[in-house]
Amino acid sequence: MTAATDTPDPSDHPATGLDEVVHQRVRLGILAIAHEARRVEFGYLRIQLDLTAGNLSKHLSVLETAGLIDIEKGYEGKRGRTWITLTPAGNTALAEEIRRLKVLIARVETTTEDKCP
Amino acid sequence: MTTDSVSAGDDPRRLLSDMRILAGRVRRDQRLTWVALLVLAAATFLAIPFDWLFMTVRCEADGCMFARRGLLYYWPPALLLGYAAIAVSYVRAARAQGLGARVLPYAITGAVTAGVLTTAYVAAALYLPSHPPFGGGPSPFWWIVLDRLIAPWGLIGLALLVLARLERNVPLLLFTLGYLALVLLVLPTTEGAVPPDWALLSFMSAADTQLRLSMTTPQLITGTVLLAGGIGFSVARRRRR
């Protein structure tokens, strides 16, 4: 005989399904900017996210390896420019991350309300 | 933003809020509202001589009849070229900042407004002379508002509303609502506004000249409002920087 329990299944928790590649403050910022801008240049990202070039490159490399962004290098005159575009997989991953964050917020709010007298 | 990984204790609200802030910054950096308003103001001012030159006026004892052919010749290409110029400006400015730009909506807006204007004016020119609305009697207010809405100045307002929605631009939305209230409810853009006697010089005394002048005044006001808006948005952008 098994006893019924109210303990939720840990695999149901929204934090469990969070993608480690996307669920990172800087990488989320990169995806959010690239999504809004359609196409964004390396320098703009560096300024907005307040990162060193090396640090930003590492994050971009992680996202590119995961297939979430495309990186296109070119020249404008003599100046090298690197453009970042979100891939369809990147769009999906961003939407999924936002959905999971909203579920987490809703879950936290529900738990808080339950605990309040 | 920091380079730290998100820890289990990180607040998802904060993450979402950061993302919204970044997306908002991108939208703000992509905007070139002042250019759009200045282009539309220039188009409005340039329309005045066309309207004046191509307006046919026939005056008889019981009044004057007029046809504003210049609107049809000028505005459809002007709207297409205007929105194309706006789209190109947006692309260039965004690219200079290191961003992409959504320009398809501007091109579509230009094409749709030009199409609506041409269709409405051709249909009116073909149908209304043989079927005067409301038996040739006075038109109700809703008809007048509709007439003003499909006139070029009303369509500019509608296009600006679309722009404000696409850019999620609240200041532009407020400006556009004010502009639409002016051109739809206050300014007689399609009926003309007779200037006061003191503003008329002796060579303007002919009936047909006065009719042309009455059509010019609302266009001057509309162009000035768009110009003022363009200057205002440009100043606000410079101050923000």
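Every number in this text was worked out from the coordinates using simple rules, so none of it is lab data. Keep in mind that this is a model prediction, so the values were computed, not measured. Glycine also receives a Cβ, built like all others from the backbone with ideal geometry; neighbour counts cover every protein chain displayed.
Observations on the structure shown:
- For the peptide A:48-60, the mean number of other protein chain Cβ atoms found within 10 angstrom of a residue's Cβ is 2.
- Mean per-residue shielding of peptide A:27-36 is 6, counting Cβ atoms of other chains within 10 Å of each Cβ.
- Under the Karplus curve 6.51 cos²θ - 1.76 cosθ + 1.60, θ = phi - 60°, whole-Hz ³J(HN,Hα) for the range B:22-35, x wherever Gly or Pro sits: 5, 5, x, 4, 4, 4, 5, 6, 7, 5, 9, 4, 5, 5
- For B:L177, B:L126, A:L94, order by how many other beta-carbon atoms lie within 10 Å, fewest first: B:L126, B:L177, A:L94
- Percentage relative contact order, chain B, counting C-alpha pairs under 8 Å, at least six apart: 26
- The simple Förster model, with R0 at 30 Å and r as the Cβ-Cβ distance, assigns B:R28 and B:W142 a FRET efficiency of 0.20.
- Gaussian network model of chain B, springs between alpha carbon atoms under 10 Å - residue of B:G154, B:G82, B:G137 with greatest fluctuation: B:G137
- Computed over the range B:70-135: relative contact order in percent, which uses C-alpha pairs under 8 Å that are six or more apart: 40
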